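Shown next, in structure tokens, is the structure this report addresses.
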Amino acid sequence: MAPSTKNSVILGEALASEDVNLVFPTEDFSRQAHVSSIQKYGEKYGRSVEDPAGFWSDIASGFYWKQKWGQPVYADNLDIRKGKINIEWFKGGKTNICYNCLDRNIKSGNGDKIAIYWEGNEPGHDATLTYNQLLARVCQLANYLKDIGVGKGDAVIIYLPMLMELPIAMLACARIGAIHSVVFAGFSAESIAQRIMDCKPKVVITCNAVRRGPKTIFLKDIVDAALTESAQNGINIDVCLTFENESALKKEVTKWVEGRDIWWQDVVPKYPVTCEVEWVDAEDPLFLLYTSGSTGKPKGVLHTTGGYMVYTATTFKYAFDYKSKDIYWCTADCGWITGHSYVTYGPLLNGATNVVFEGAPNYPDAGRCWDIVDKYKVSIFYTAPTLVRSLMREGDEYVTRYSRKSLRVLGSVGEPINPSAWRWFFNVVGDGRCPISDTWWQTETGGFMITPLPGAWPQKPGSATLPFFGVQPVIVDEKGVELEGECSGYLCVKSSWPSAFRTLYGDHERYQTTYFSAFPGYYFTGDGCNRDKDGYYWLTGRVDDVINVSGHRIGTAEVESALVSHPQCVEAAVVGVEHEVKGQGIYAFVTLTEGVPYSEELRKSLIKVVREKIGAFAAPDKIHWAPGLPKTRSGKIMRRILRKIASKSLDELGDTSTLADPSVVDQLIALADC
Ligand code: 6R9
């Protein structure tokens, strides 16, 4: 049951008990917080679900609208039985998110405030941009893009590492009404090509190379290969705007295609530092972000402007208890949704000072994050459990040698945080005084859905706690029946919230079947979830064929199709297996062409093919040679059994008698350490 006002009061009373699993915020923290008690949350939450139109209109009024939205404030149909799935917020309103991030904050007197502290890969290599300077840079790029013919509704692919030019490019697109699609700069040429062919961008923006830790990654070469591949498939890109990232690679040694490739530094600085805003409808698309699903083809998640703007700004403010003097650092890359909503848009909409870090968090050593925290006096630090676990392994000394006294709030995202990592984060990194906002949400949801409001209620290590304003989570059983009270099942959401995704680009049908058909009437998240006696939500991981590796979503089908593209691999089945640092690791069972012997060399070439097809982050941790796979008589691979073999839970194999050939199971067990 989502807490209504009444339930929240009861919850507050129940939580006052001496439960050792509860971690209370300090009184000082609560006193200064935006939401200081569970009762106050209850009042606001109650209104947000009883009167969503009024609640969100009041908040939306704090933004700049060229023209106010019409009526109704929102319209939605999340019930497939009633026809087409449809979500709209603030339709008819004309606004611009770039204007709201920059011009609006400058007009209110924050022009000289630092918008971005940029920290390079090498310690000592850094730069800053004030809000005024950021606006000037954004306008120059926006003018250039307009000049080469990019206009409202055109797609732009951005393949950049965490340089300042990445948020600049996103904001420049938004300013002129173009739709950005950022591709994480760890994806392979083939993955970029696939995205280019899907959204047919007018221009691709990249840089020549980047240094991450001790390694140089030649991004332009990867883009070249992608553009060659898309051209072979009939999609030609006229302009590849390339930023010279001088500290990684000099211009002179960058491979170049005359006529198509343009150096950013040669053209962009020549353009005026002001650029008129393209006023767009609240429901006009802002960006496309591709994410993995249960089938092979990545899904182009589409977000629109108005609702996304209002919701990301509001969640940022409340979940991190953001105040104007805070210095905020989110370690996520803008290539993922976290970087969209909580590096670029949410913080800038709030006029925040943001740290953008190019490098690797363990370079030159495991203390780098805390070095950066002290250098910029970071007060809100938002990261992923996988990073927490990997730093935890290096020992406390890397942390304690830094002061970290500026820290006030910590955050976690990407996967469930295991209680031991939570406690280390809380006690060692935060010295036991900083609340942790464990934010559960998804590419599809656009912003935080279930999250602590630090200061309002106690946390429980490993639980994302309670829903954000306006969010109505429900837990259903396999028949789609809503469960009450303490329960466990599938996490769904009933009725819409402003930053919900509106469709999958070019495939509304897939949007409806993937997310709204399993449990009619609800948005299905793909996650399993428990709710405890206090109403706290505990996410238990994906229930579909998506693996969460270091907080990155990877579809098993994508990895399988990469593996079977290897000439000597006839079949592959991929499952997730527990991994100490990454959360989940990728475990691949492969069947080879008849007569081909399994060898170390072949293992390496199978891994290589996945790196080439998807990207290094999707490389399997383990390849398990499988002369046969456990299949039902109808030919369906029994992944349940493969998961047990992968996790070495051999006494939990269950009934194998329904298999077409039960002997393959023993064979697989015998080959486990091959
Ligand atoms: C923001 C983001 C979404 C999936 C989601 C869930 C997992 C994210 C979590 C979490 C437990 C959290 N997830 N945050 N699970 N607790 N705080 O990560 O988006 O890349 O689309 O992944 O990540 O399984 O369904 P995305």
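The values are calculated or read from the model by the stated rules, or taken from the named source; none is laboratory data. Every value quoted in this text rests on a predicted model; they were computed, and no experiment measured them. When we count neighbours, we look across all protein chains shown, and the Cβ atoms used for this are built from the backbone with ideal geometry, even at glycine. SASA here: full protein model, heavy atoms, side chains in, ligands and nucleic acids out. Shrake-Rupley method; radii C 1.70, N 1.55, O 1.52, S 1.80 Å.
Just a few scattered comments:
- Count Lys and Arg as plus one, Asp and Glu as minus one, and take only other residues whose Cβ is under 14 Å from that of Arg404; the net charge is then +2.
- Taken about its Cα centre, region 297-406 carries a charge dipole of about 260 debye when Lys and Arg each add +1 at the Cβ and Asp and Glu each add -1 at the Cβ.
- Electrostatic tally near Trp89: other residues with Cβ closer than 9 Å to its Cβ, Lys and Arg +1, Asp and Glu -1, net -2.
- At R0 = 51 Å, FRET efficiency that the Cβ-Cβ distance of Gln265 and Ser565 yields, to 0.05: 0.85
- Under the simplified labelling scheme, the Leu22-Glu484 pair shows an inter-label distance of 2.4 nm, with each label point 7 Å from Cα along Cα→Cβ.
- In nm, spacing of pseudo-spin labels at Ser517 and Thr400 (7 Å Cα→C-beta vector): 5.7 nm
- Label positions at Lys608 and Lys113, each projected 7 Å from the Cα along the C-beta direction, are separated by 5.2 nm.
- Global geometry of the chain, whether rounded, prolate or oblate, following the gyration tensor of its Cα atoms and the 1.5 cut on a/c: rounded
- Counting only protein heavy atoms and a 1.4 Å probe, the chain has 37 square angstrom of accessible area per residue.
- Dipole of region 360-495, positive direction: furthest Cα of Leu483, Pro461, Thr443, with charges on the beta-carbon: Pro461
- Entries in Lys152/Lys215; Lys479/Lys636; Lys220/Lys297; Lys84/Lys479 that, when Cα-Cα distance is taken, lie over 28 Å: Lys152/Lys215
- Taking a straight Cα-Cα cut-off under 20 Å and skipping sequence neighbours fewer than 8 places away in the same chain, the lysines within cross-link reach of Lys648 are Lys582, Lys622, Lys631.
- Among Thr274, Ser108, Leu134 the positive-end extreme of the charge dipole of region 97-278 (Cβ point charges): Ser108
- Overall form of region 97-278 per C-alpha gyration tensor (a/c, 1.5; a/b vs b/c): oblate
- Estimated at 0.36 nm per residue, the fully extended path between Lys377 and Arg633 surpasses their Cα-Cα distance by 86.0 nm.
- Extreme residue, positive dipole direction of region 201-307, given options Thr304, Leu219, Pro201 (C-beta unit charges): Leu219
- Using R0 = 22 Å, the C-beta based FRET efficiency linking Ile669 and Arg640 works out to 0.90.
- Computed in the context of the full set of protein chains, the accessible area of region 490-581 at 1.4 Å probe radius has 50% of its extent on carbon or sulfur.
- Amide N of region 541-579 lying under 18 Å from the label point, which is placed 7 angstrom from the Cα of Asp661 along Cα→Cβ: 569-573
- Dipole magnitude for region 550-671: about 320 debye, using +1 per Lys or Arg Cβ and -1 per Asp or Glu Cβ, origin at the Cα centre.
- 16 Å reach of a label modelled at Glu246, 7 Å along Cα-to-Cβ, counting backbone N of region 319-363: none
- Whichever lysines have a C-alpha closer than 18 Å to that of Lys299, once near sequence neighbours (fewer than 8 apart) are set aside: Lys200, Lys613
- Computed E for Arg393/Ile217 - FRET, C-beta separation, R0 30 angstrom, nearest 0.05: 0.75
- Shape call, region 550-671: gyration tensor on alpha carbons, a/c limit 1.5: oblate
- Of all DSSP beta bridges in region 97-278, antiparallel share, percent nearest 5: 35 percent
- Euclidean distance between Cα centres, region 634-653 to region 217-242, Å: 41 Å
- Here region 252-309 is assigned +1 on the Cβ of each Lys and Arg and -1 on the Cβ of each Asp and Glu. Its dipole about the Cα centre then comes out at about 380 debye.
- Hits among aspartates and glutamates - C-alpha to C-alpha of Lys251 under 15 Å, sequence gap 8 or more where chains match: Asp221, Asp261, Asp266
- The stretch between Val596 and Asp365 holds 78.9 nm of extra length on full extension. This uses 0.36 nm per residue minus the Cα-Cα distance.
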